[in-house]
Amino acid sequence: MAGAALPTAELTTSGRPILLPNEIECSLLSNVELEPEGSPPLSSSIHLRSSFLILTTHRLIFVSDSSAAAANTASYVPLASVTHIFLLKKSIKSMFGSPRLKVQLSVGSDGRVGGMGTRSIVATLVMRGKDDVEAFVDKFRQNWGARVWEREKESESASSGSSLVVESSASSSGFDSRGMRVVGVAGILRREQEMWESTDKSLQDAFQDLNALMSKAKEMVMLAEKMRLKLLSGPSQAGSSNDEELGSKEEMQDWLLSVGIVSPVTKESAGALYHQQLSRQLADFVKIPLERSGGMINLIDMYCLFNRARGTELISPEDLLRACSLWEKFDVPVMLRKFDSGVMIIQNKSHSDEEVFARIKLLITRPDALQMGVSAGDAAMTLGIAPAMAKEHLLTAESRGLLCRDISPDGFRFYINLFPEIRTDDIYLVKDQGIYATWIKCASSPSRLQ
């Protein structure tokens, strides 16, 4: 149960915490309790049980250990509110019991952690899971000592101050730092060009050698995400952009979206909960690829997309398959499906085969399709999915009795199944209405006879 004195952390639909800008996940522990020392009212409001703890560069995030993502709740302790980390005591008693780490937290006058601290309390992290506690404590001390949040505030204040000085000088004189006018459309375009030149210089520095690339990988991902968000939220001026420019912007957004994941789950950071957290992160990642591919995507394609987004933190096919199989235990909107042919795909739970069959029936009952049938490529264009996926849907429709299949040197072609409309007692009887009558008209048309 999350404590009332701790701020609430936002979670994704799969139960993963939503990280702050420039926040990176570092380590994870399972089955952690937070036991504060002090007065009973404060202790009861801050006490946390049965949670797994996520250490980031900015926070200690406690997520309730529930299998259903919808029932998950999360609270966090800002590292900025940690005033002291006590030593992890080692004794004969600790060898047989759960490791305990005491931290001192600053608490506001309202009894909440994370505000302006007026007094301090001591809380104990009871780590009952089978994880590497010493490695976690070392990373905890490193992140707390690095104090990334303070450097971010300093850089933000410095950048805002410099931008105000530049803007004020530019507005007063009408010229930029290079002595060029910044008024009107030309000035706006010149400022945009300067921004892109700075971005291009950062990209060139990052790709000079492998070491520079590794050191600046996360910085490039964050920069690409900011650029993508700016493109999405940029105001559209009437008459200032044409279809070609809009198409290039969409391509740029797609490219930036596939740059990578800022904080991928790794075995080093997640430990024993690696596959569980990988499964939740994958469930969040597949949403956009599923929207682009018509609600379903091949497992092999997702393996390539996910590994490309993870950068150097690649996963094996076995890890991906195991992560997908864990979705049955979580309340996530996606699922793993296996067709009768053995092909495995990822699709939305809201996906309906009946809706797909209805669209296939509309396609197959067209006059040209009644004569020549349809191929997997024809169905792929109608359904907006890959031809391999379309072929699986056609085979599934055949198994339901909706279609018939013809195998020729040119491949598979599928036709509407007319046998349900033929009466066994009078096979020559043709109704005035129905698919069978339409098929006879198409088959006996002059174009067909020629």
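The values are calculated or read from the model by the stated rules, or taken from the named source; none is laboratory data. In this text the structure is predicted, and so the values were computed from the model without any measurement. Glycine gets a Cβ as well: all are built from the backbone with ideal geometry, and neighbour counts include every protein chain shown. Accessible surface is based on the protein model in full, side chains and every heavy atom, while ligands, DNA and RNA are left aside. Shrake-Rupley method; radii C 1.70, N 1.55, O 1.52, S 1.80 Å.
General observations
- Residue in the stretch 297-308 that is out of contact with any Gly (no Cβ under 8 Å at 6 or more places or on another chain) and in a strand (DSSP E or B) present: yes
- Selection of the stretch 108-133 for residues being of a type in the set (Val, Ile, Thr) and within 34 Å of the chain's Cα centre (by Cα) yields VAL113, THR124, VAL126, VAL133.
- Between LEU363, LEU394, the distinction of being open to solvent by less than 60 Å² (accessible area, probe 1.4 Å), assigned by TED's automatic domain parsing to the domain that holds GLY411, in a helix (DSSP H, G or I) and within 27 Å of TYR303 (Cβ to Cβ) belongs to LEU394 only.
- Near pairs, Cβ below 6 angstrom, 6+ apart or cross-chain, from the stretch 13-25 (closer than 21 Å to LYS153 by Cβ) to any residue that is at pLDDT 85 or above and open to solvent by 70 Å² or more (accessible area, probe 1.4 Å): ILE18/GLU10
- Assessment of the stretch 330-350 against the conditions (aliphatic (A, V, I, L, M) and assigned to a helix (DSSP H, G or I)) yields no matching residue.
To keep it simple, each residue is scored yes or no on (1) open to solvent by 20 Å² or more (accessible area, probe 1.4 Å); (2) more than 17 Å from VAL82 (Cβ to Cβ); (3) not in a helix (DSSP H, G or I).
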site: VAL103; (1), (2), (3): no, no, yes
site: ASP110; (1), (2), (3): yes, yes, yes
site: ALA123; (1), (2), (3): no, no, yes
site: LYS130; (1), (2), (3): yes, yes, yes
site: PHE136; (1), (2), (3): no, no, no
site: ARG141; (1), (2), (3): yes, no, no
site: TRP144; (1), (2), (3): yes, no, no
site: TRP149; (1), (2), (3): yes, no, no
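- Restricting the stretch 300-324 to residues that are open to solvent by less than 60 Å² (accessible area, probe 1.4 Å) and in contact (Cβ under 8 Å) with a residue 40 or more places away in the chain, the residue that is farthest from MET344 (Cα to Cα): GLY311
- Taking residues in the stretch 410-425 that are open to solvent by 100 Å² or more (accessible area, probe 1.4 Å), and partners anywhere that are at pLDDT below 85, the pairs with Cβ atoms closer than 7 Å and at least 6 places apart or on different chains are ARG423/LEU429.
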